[in-house]
Structures are given as structure tokens and as C-alpha cells.
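Structure first, commentary second.
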Amino acid sequence: MKKYKPTSAGRRAGEVIDYRELVEKKTPEKGLTFGFHRSVGRNNRGRITTRHKGAGVKRLYRTVDFMYDKKNVSGAVEAVEYDPNRTAFIALIKFKDGERRYVLASQGMKKGTRFLVSESAPIEDGSRTPLKNIPVGTFVFAIELDKNRGAKLARSAGSSAQVLALDAGYTTLKMPSGEIRKVRADNWASVGILSNPERSFMTIGKAGRNRHRGIRPSVRGTAMNPRDHKHGGGEGRTQLGFAMPRTPWGKPARGVKTRSKKKRTNVYIIQRRIKKRRT
């Protein structure tokens, strides 16, 4: 982590990751990037569906390979790069046939690290193989939820799932949320823990950094009028008046289960995620 001299209130409180020690290449691979317009919280009809998004620094999109469909061709890491579109770092892989692809970088991955997607791949950080070949107790990331549909689970910085058991064609995984669920043993996963775990210790420091990230200001509900928010109104600071916090539209905001009871994949969940008590 990097701290600045306290030349202002934002610098005094801010704490960032020193990317110079972790990232080996500053400019992305030109053939694997393209410009794009972010949706900034709007749907295909132009209506705001996620509030407090907009503006921010212009980004190039890096085409990351989540399908991992180049199998049985060995490669090596050419560089570990920063990606503004995700929390983890990405690694530029150069395969033996000369093709280059971006993949999610595991913790400890650096220039020259071997990379292989194969059923006979060695159980080492960054390698990708079916779950049935991975020993119990191993940490994995970028896990397929459905076969040949690409990596869906455990893709953010510092996250991983742990293999707990192998039985009857299914692998039992402990997810980053604490949920314990079954995934088909034929599905593929990458071995290791994702890079950039220090991100959780980063302190924004000032409002301007959030604006650069495309996060717009939000007003507290208690500071509004009753017609604008359920938490609003009252003389001075008042209590919410509800058993739990509410959204601006009056619905419960925290601790509410949103997963459908009829979802077809519920049968694969052995234990629901651990609900953390707020102090």
C-alpha cells in the first residue's frame, strides 16, 4: 500500500495500491482492446436502473478470455497488467503458436509463469483443469457454473473457492460468501487465488477519486423530506421508525433474501451464505 504526504485532507486519508511493484506493463495489447460506451446505469431504453453512476475517466476495454477454449496448448505469461474494468489484474498469455490472450491473473503470477488449460494440467497456480482432477482443500477461481459456458464464479480481486469434497459426479465448493454448494465435477476451474487482494484495504480519501471511477454522489435518506424518502422528515436527527432500513420506494433494504425459492439451482446449495450481523 502507498501513502502520500498529507498535503490536503484527501491526501492525508487516502491510501492506494502501489501498482508499479505489481504491474509489469503499462500499455495494453492493441489487438485485444477496443473503445466502448459504458451504460452508466441505464438500460437499453435509456432509463436509469442503477443510480449514482455516470461520467468518470474514459476506459479501453480489454478482451479477457473467460471461455478458456484454447486447450492443450502451453503458454507463458508475457506481462501482468492493470485492468480498469475489473478489480483483479489480468495476465497477457503468449501461446506456443504465437497467439496472445488475456486471462485473469492469479496471486503470484509473473512474467515467465507457465500457463496451460488441459485435463492433464499440473495442479499449480494459474493452471486450468476440470474440478474432478483438483485435490480436496485446493483453492480455485474462475469456476464454470454450466459446462462450456465460461467462468462465472469467483472472479473478483483476492477471491477464491475451496474444494471440500468430490462425490457422485459433483464437487462441493465453499464459496467466498461462505455458501457451500455443489458444482458438476466436469466443469473447469483455475487453480489458486485471484490477484490484487490488497484492494480491500484501499481508502478512497476524497470524493474526486470516486468521480474518476464513475461513481456519482449519493444523498442520505435521513437528509431528505418524507415525500422523497422513507427515512426523511422529523425535527433534527431522528430514528428511522422502521424495524429495518428501507429503499426510497419503501421496500426493505438490508438482510432481505432476494433469491427465488423456485430457482432450479437451489438443489445444489447445501448451506446458504453466512449473514453477517451489523454492529
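The values are calculated or read from the model by the stated rules, or taken from the named source; none is laboratory data. Every value quoted in this text rests on a predicted model; they were computed, and no experiment measured them. Using ideal geometry, Cβ is built from the backbone for each residue, glycine included, and neighbour counts are taken over all protein chains shown.
For this structure, a couple of remarks:
- Residues within the range 194-211 that are crowded, with 19+ Cβ neighbours inside 10 Å and either within 18 Å of residue 129 (Cβ to Cβ) or of a type in the set (Asp, Glu) (or both), tallied: 1
- Just one residue in the set 243, 253 is aliphatic (A, V, I, L, M), within 23 Å of the chain's Cα centre (by Cα), over 30 Å from residue 142 (Cβ atoms) and modelled with pLDDT under 90; that residue is 253.
- Single match in 123, 180 (criterion: among the aliphatic types (A, V, I, L, M) and either loosely packed, with under 15 Cβ neighbours inside 10 Å or at pLDDT 95 or above (or both)): 123
- Residue list for the range 1-58, restricted to those being of a type in the set (Val, Ile, Thr), over 25 Å from residue 200 (Cβ atoms) and free of Cβ contacts under 8 Å to residues at least 24 places away in the same chain: 7, 27, 48, 49
- The range 147-175, subset of a type in the set (S, T, N, Q) and either more than 18 Å from the chain's Cα centre (by Cα) or outside the structural domain of residue 117 (by TED's automatic domain parsing) (or both), residue nearest to residue 272 (Cα to Cα): 172
- Residue count for the range 30-42 under the criterion of being at pLDDT 90 or above, at negative phi and surrounded by 10 or more Cβ atoms within 10 Å (Cβ to Cβ): the result is 4.
- The range 165-181, residues that are farther than 15 Å from residue 267 by Cβ and part of a loop (DSSP other than H, G, I, E, B): 175, 176, 177, 178
- If you go through the range 204-240 and pick out every residue that is within 33 Å of the chain's Cα centre (by Cα), over 19 Å from residue 84 (Cβ atoms) and of a type in the set (Val, Ile, Thr), you end up with 2.
- Of all residues in the range 208-247, exactly one satisfies the criterion of being of a type in the set (A, V, I, L, M), in contact with a strand residue (DSSP E or B) (Cβ under 9 Å, 6 or more places away or on another chain) and not in a loop (DSSP other than H, G, I, E, B), namely 215.
- Residue 193 being β-branched (Val, Ile, Thr), over 21 Å from residue 267 (Cα atoms) and out of contact with any helix residue (DSSP H, G or I) (no Cβ under 8 Å at 6 or more places or on another chain): yes
- The set of residues in the range 77-136 being of a type outside the set (Lys, Arg), more than 22 Å from the chain's Cα centre (by Cα) and either assigned to a strand (DSSP E or B) or not assigned by TED's automatic domain parsing to the domain that holds residue 33 (or both) consists of 78, 95.
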